[in-house]
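Please read the structure below before turning to the comments.
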């Protein structure tokens, strides 16, 4: 399994100047390559490289390997969309491979427009251990005045254990996650935080002063970072519980849920800011590292089906939090009832870990 680990660089003032110049020059070259690709309709890596390699190398005084990586970067973005010319920010990230970047014990030797620079980095103990299994390219990223290297590492997954049961997980907005054993993780604090941020953003945007713009920039990303940290905490607890009880984790397949759900404008705002896919990915990769099987099941009627008798009716769901079966009278918290139904559907599905859609960043 592939993971992405982040290292924070600690360059000097002079080295920061060199790194910025490198980003600016490289992305200017990428924009020129993109213009050629668009004009000549040369979207393939090989064809584009034959058109721009020499001119970019000479004009921008870049090394051969940087130019090769930039051409690959341009070709990759045109794989996603060829309907318009693509442009790159001057501070956009660029990729390095082992020819132009070397890792040491606590420093990296990285190519810049001013030559090789030896720059110290810091990271956690786990990230440093994982760095031993690094493979492929690393991305140099400039974010909010700070420098990072994101490296891809390859980890050998343990063999998934044969489950002795199934732990159903119901994902929601009021309760971010609820398992089939009754434990829930409230989303009230996160919802209140998002409402407060929306009100503040609206107020600052309407004000429009320079100080308001500075505050907006300062606060941007704070909500996202809080939600990401919360998803990490929740996913860790769920996986530890499944590992301890020797159960497989069963999740709903919620792909396209935003397109299927009909809701008011207020509810849509909360739904679109809901990080359920991120939480699913966190659960998935943590479970794979722990040898816990993960399954996905059809989510249809999980909130309308009685976990006691199996009767399905829209009227069974009395409110957001209450479920009462119209047939047998079974009464239970609606989220727990749904989680039990999700877990029971895992019984008839062969345990098979769900592949990640992207490499998680640690």
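Every read-out reported here was derived from the displayed coordinates using simple, explicitly stated rules and does not represent laboratory data. These numbers were taken from a predicted model, which means no experiment stands behind them. Backbone-built Cβ (ideal geometry, glycine too); neighbour counts: all protein chains shown.
Once you treat every alpha carbon in the range 1-152 as an equal point and sum by Debye, what is log10 I(q)/I(0) at q = 0.13, 0.21 Å⁻¹?
For the range 1-152 at q = 0.13, 0.21 Å⁻¹, log10 I(q)/I(0) is -0.60, -1.31.
Would you compute, for the Cα atoms of the range 72-116, the largest minus smallest coordinate along each principal axis and list the three values in descending order, in whole Å?
Each principal axis gives a Cα extent; for the range 72-116 these are 44, 19, 15 Å.
Considering only 201, 332, 288, give the residue with the highest GNM mean-square fluctuation for the chain, with springs between Cα atoms whenever their separation is below 10 Å.
201
Based on DSSP H runs of at least 4 residues, each adding -39500 (n - 2.57), what is the mean residue ellipticity at 222 nm of the chain after dividing by all its residues, to the nearest 500 deg cm²/dmol?
Details: 11 runs with 159 residues, N = 362.
Computed mean residue ellipticity for the chain: -14500 deg cm²/dmol.
Against the longest alpha carbon principal axis of the chain, how many degrees, from 0 to 90 and to the nearest 10, is the axis of helix 276-290 turned?
On a 0 to 90 degree scale, this one is about 90.
Would you list the P(r) distribution for the chain, with all Cα-Cα distances sorted into 10 Å bins from 0 and each bin expressed as a whole %?
Each 10 Å bin holds this share of Cα pairs: 5, 19, 23, 24, 18, 9, 3, 0.
What is the helix-to-structure angle for 45-59, meaning the angle in degrees between its Cα long axis and the longest Cα principal axis of the chain, kept from 0 to 90 and rounded to the nearest 10?
Long axis of 45-59 versus the principal axis of the chain: about 40 degrees.
Give me 113, 178, 302 ranked fewest to most by other Cβ atoms within 10 Å of their Cβ, as a rough exposure proxy. Could the numbers behind the result be given before it?
Values: 113 19, 178 26, 302 22.
Fewest to most other Cβ atoms nearby, the residues stand as 113, 302, 178.
Using only the alpha carbons of the range 25-96, determine the length spanned along each of the three principal axes and report them from longest to shortest in whole angstroms.
30, 25, 18
Specify the angular offset, from 0 to 90 degrees and rounded to the nearest 10, of the alpha carbon long axis of helix 188-207 from the longest principal axis of the alpha carbons in the chain.
Taking the Cα atoms of the chain, the angle to 188-207 is about 50 degrees.
Please report 112, 245 as a ranked list, fewest other C-beta atoms within 10 angstrom at the top and most at the bottom.
On the way: 112 20, 245 13.
Lowest count first: 245, 112.
How would 46, 88 line up from fewest to most surrounding beta-carbon atoms within 10 angstrom?
Placing the least packed residue first, the sequence is 46, 88.
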